[in-house]
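**Student:** This structure is in structure tokens; I'll ask about it shortly.
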Amino acid sequence: MPLSTLRKAGRAVGLAAALALTLPALAAVPAGAEQTAPRADATSPITLWAPAKITTYVYGKHVWTDLGLRLIAQGEPFELWSNRPSYDDRIHTEWRSTAGTVALPEGSMKDFSGLSGFFTVKLQKIGTHEVRTLRRSACLSGWSERVRPDAPATSPYPRGCYYNPYSLGSVQGIQEGWAAPIFGQDRPMTLTKGRYHVTATIAPAYAAAFGLSAADASRSLTMVVKKEKGGGVEYDHADRTPRSSLARPAAHEPRGTSGGRAVGPVPDLRSLPAWGIQTSPNGNFLQFSATVWNAGDSPLVVDGFATGEGETPDRMDAYQYFFDADGNQTGYQPVGGFEFDHKATHQHWHFRDFATYTLLRADKTTAVVSRKEAFCLANTDAVDLTVPDADWNPENTDLTTDCGYEDSLSLRQVLAAGWGDTYAQFRAGQSFDLRKLKNGVYYIATIANPRNRLIESSTDDNVALRKVIIGGKAGRRTVRVPQVGLVVEPTGGDGEGELPMPAHH
């Protein structure tokens, strides 16, 4: 497939998915940094960049800084694709360019949060023998900026490396002539004030795979660490991506039962195995996270319109909208309704026919049905951005805007192609009550589109089962969860503070 095709900005039925804000070159380098211009001669596909000097501050014993380290794509966009055919397979990652495809070394991606052990940072405090060496992973996607006036105006690549233990595919990329930070600020360094000589070096295995020259694979800088003074370096890498018209609901409720839907792209809802499974602190409930995702070649678009007049409504009619491959609306049909959830942990509109959760006995008969049966659709987890027409930069990741307000008269909720919606225990109603259950083998069933009201290309993989073994006694129930394939679910970070977790709701 030509690289130009792979980099199309309109990934999901013509969505404007990839309009990253164009910022002044390297504007996010901290105050006090002395900058050197990026290289003009593009001999390597990427080059490591750093300011000559950076000034930062220590708060207590902690320093938060990205060191000004950037990767700059040269000559053409730099693009990595990662997949695993099944959970019994390791993640395979390849670098795609106009010159061909290069497979990265086995183990380059332990999960989809970035390249493992991508670079090292050596910090030597000047005038002392104090030396620290940090080995860091890196996400080669995310907030980025163009560094040349003739570089493309926009970037199509994802704004981060999103994590779900059961993700299947990802895309990382840096637009040609753009720079992306690689040293995260989410984990502080323990340093004292003083001057440091800092050297960052891309690991030899990656440098060899990408054909990097020694000059492009390493950078040095001076870092001055000063004592805290009310303020410090501020960063503003907020997502300011312009939203396309798809983010807005239709102007009015349809008058007919269907908009004459033509044959064309439709979503394909699939369920992932439940994860994050544990018993509640009181020992009586089984808690878990569940993800339903869209593997189709079209987004799932559901609009709601308030019913009744006068008083603030608590129900909306729901319609699924359909689009052709160019993003033109081709029809719609009613698919149930929305209701407003007044519970303190929700206070927003829920669509009733998206998913259900059931605890099954060993013989697959129903033991307990979760009270969670209504959902606010949002793109919380990038499950597989390599599916055809995946939207690398979906619009609705903000639950506040997409879930609506109590006085909303209409709303639009979207699940983009390639993305999943994960629900966990942050809000009420999802867990299974274990107080009347016998010990033994059970299955957590995650069921997408349970009433078949939503139109999708296939319902063959709408159900995912996760085996659990319940033990203990009332007030002290236990759960054992057999591992799925090679997937190891983390209990926390990856030791580097770089494991992005999804926004559960």
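**Student:** Only one of (1) within 17 Å of Phe285 (Cβ to Cβ); (2) at pLDDT 90 or above; (3) of a type outside the set (Lys, Arg) is not met by Gly429, so which one is it?
**Tutor:** Against the list (1) within 17 Å of Phe285 (Cβ to Cβ); (2) at pLDDT 90 or above; (3) of a type outside the set (Lys, Arg), Gly429 comes up short only on (2).
**Student:** Sort out which residues of the range 68-109 are within 30 Å of Thr56 (Cβ to Cβ) and not aliphatic (A, V, I, L, M), and write them in order of number.
**Tutor:** Within the range 68-109, Gly68, Arg70, Gln74, Phe78 qualify.
**Student:** Of the residues Leu115, Leu123, Leu134, only one is of a type outside the set (Lys, Arg) and within 24 Å of the chain's Cα centre (by Cα); which?
**Tutor:** Sole residue among the options that is of a type outside the set (Lys, Arg) and within 24 Å of the chain's Cα centre (by Cα): Leu115.
**Student:** Going through the range 49-74 one residue at a time, which ones are farther than 16 Å from Ala180 by Cβ and not charged (D, E, K, R)?
**Tutor:** Hits for the range 49-74 are Ala52, Ile54, Thr55, Thr56, Tyr57, Val58, Tyr59, Gly60, His62, Val63, Trp64, Thr65.
**Student:** Val58 fails exactly one of the following numbered conditions: (1) modelled with pLDDT under 95; (2) surrounded by fewer than 17 Cβ atoms within 10 Å (Cβ to Cβ); (3) in contact with a Lys or Arg (Cβ under 6 Å, 6 or more places away or on another chain). What is the number of that condition?
**Tutor:** Failed condition: (2).
**Student:** Could you please give the count of residues in the range 84-109 that are of a type outside the set (A, V, I, L, M, F, W, C) and touching a residue at least 40 places away in the same chain (Cβ under 8 Å)?
**Tutor:** The number of residues fulfilling the criteria is 11.
**Student:** Also: Would you call Thr422 outside the structural domain of Gln320 (by TED's automatic domain parsing) and modelled with pLDDT under 95?
**Tutor:** When the stated conditions are applied, Thr422 does not pass them.
**Student:** If a residue has to be at pLDDT 90 or above and assigned to a strand (DSSP E or B) to count, how many in the range 336-380 make the cut?
**Tutor:** Residues that pass the stated criteria total 11.
**Student:** If I filter the range 470-492 down to residues being at pLDDT 95 or above and of a type in the set (D, E, K, R), which single residue comes out as surrounded by the most Cβ atoms within 10 Å (Cβ to Cβ)?
**Tutor:** Only one residue fits best here, namely Arg477.
**Student:** Looking only at the range 390-414, how many residues end up being modelled with pLDDT of 70 or more, of a type outside the set (A, V, I, L, M, F, W, C), out of contact with any helix residue (DSSP H, G or I) (no Cβ under 8 Å at 6 or more places or on another chain) and within 23 Å of Tyr163 (Cβ to Cβ)?
**Tutor:** 3
**Student:** In the range 62-121, which residue that is touching a strand residue (DSSP E or B) at 6+ places or on another chain (Cβ under 6 Å) and of a type in the set (Asp, Glu) is modelled with the lowest pLDDT?
**Tutor:** For the range 62-121, the residue satisfying everything is Asp66.
**Student:** Another question, if that's okay. Mind checking which strands (runs of 3 or more DSSP E) fall wholly inside the range 136-223 and carry at least 1 residues that are free of Cβ contacts under 8 Å to residues at least 24 places away in the same chain and polar (S, T, N, Q)?
**Tutor:** none
The values are calculated or read from the model by the stated rules, or taken from the named source; none is laboratory data. Just so we're clear, the structure is a prediction, and the values are computed from it rather than from any experiment. Ideal geometry is used to build each Cβ from the backbone, glycine not excepted, and the neighbour counts take in all protein chains shown.
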